[in-house]
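Report on the following structure.
The values are calculated or read from the model by the stated rules, or taken from the named source; none is laboratory data. Nothing here was measured: the structure is a model prediction, and the numbers come from that model. Heads up, the Cβs are rebuilt from the backbone with ideal geometry, glycines too, and the neighbour counts pull from every protein chain shown.
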Amino acid sequence: MTDHDKDKKTLVLTGASRGIGHATVKRFSEEGWRVITCSRNAFPENCPWPAGEEDHLQINLSDRLSIEAGISELLDRLDGKPLNALVNNAAISPKTQDGGRMDSKATPIEDWYEVFQVNFFAPIMLARGLADALKHGNGTIVNVTSIAGSRVHDFAGTAYATSKAALSALTREMANDFGSMGVRVNAIAPGEIKTDMISADTEKVVLPNIPMKRLGTTKEVADSIFFLCSDEASYVNGAELHINGGQHV
């Protein structure tokens with residue numbers, strides 16, 4: 001390992017394979033960060049970033065034992081070096097068999113448990129398990145919430161929406177609890193972001209409700225995440241940054 005590699009800042013990112021996560025990997029990599037990615041799947045061969053496979057961990061965030069094993073593996077890979085950022089981006093949002101929204105009456109209780117485990121419990125488990133490494137790195141945590149956490153959404157199901165609302169509240173509590181360690185905790189709440197999952201029909205429904213009359217880009221979200229992890233945001237703690245073109249107003 002060269003001296004340059006030793007000086008690299010390190011990010012741990014969940015949900016890196018597509019969309020916002022994929023853009024975040026590219027943004028931090030371009031800035032010279034080491035990015036350790038975590039997902040339930042093995043590293044895909046078509047991913048473009050350097051050192052991707054050797055810095056990828058297969059962790060099933062719906063399984064507590066898998067998370068605990070993953071934390072141990074992450075600490076081994078850090079090998080005593082500081083962790084500068086943890087971005088909790090992974091999330092699941094189950095749909096009906098025909099791809100529709102699952103409301104509070106139709107969502108099976110098993111799905112509620114799985115959604116909250118991935119979207120809510122996994123972030124705090126990872127943060128607690130990596131707390132010492134984050135303290136050592138004067139690090140920061142960014143939780144990815146959603147506009148669906150503050151209003152009924154046309155497409156996001158009830159379990160997803162309430163898990164994101166809970167994650168928003170958790171961010172506030174974590175900012176208080178981790179702040180004394182020198183670890184900042186913030187959230188971003190994306191609105192409608194242009195990804196492969198957004199259909200033309202979806203755009204027609206949501207665009208009239210967005211003052212800027214366009215969807216956001218994954219790069220715009222990744223840039224916001226990078227800002228919160230940078231020295232420019234060194235006194236930003238407990239904030240939730242709305243990235244939705246004014247849709248929340």
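Close contacts from the stretch 64-75, counting a first residue that is among the basic types (Lys, Arg) and a second that is part of a helix (DSSP H, G or I), with Cβ to Cβ under 9 Å and a gap of 6+ residues or different chains, come to Arg64/Gln117; Arg64/Phe121; Arg64/Ala122; Arg64/Met125.
Note on the stretch 26-58: among residues that are hydrophobic (A, V, I, L, M, F, W, C) and modelled with pLDDT of 95 or more, the one that is nearest to Val221 (Cα to Cα) is Phe28. Residues that are within 13 Å of Val35 (Cβ to Cβ) and more than 19 Å from the chain's Cα centre (by Cα) were ranked within the stretch 54-77; the one that is surrounded by the fewest Cβ atoms within 10 Å (Cβ to Cβ) is Glu54. For residues in the stretch 191-241 being assigned to a strand (DSSP E or B) and modelled with pLDDT of 95 or more, which is farthest from Ala169 (Cα to Cα)? The extreme case among them is Leu241. Residues considered: Arg172, Arg184, Arg128, Arg151. Of these, the only one that is surrounded by 22 or more Cβ atoms within 10 Å (Cβ to Cβ), of a type outside the set (Phe, Trp, Tyr) and farther than 20 Å from Ala23 by Cβ is Arg184.
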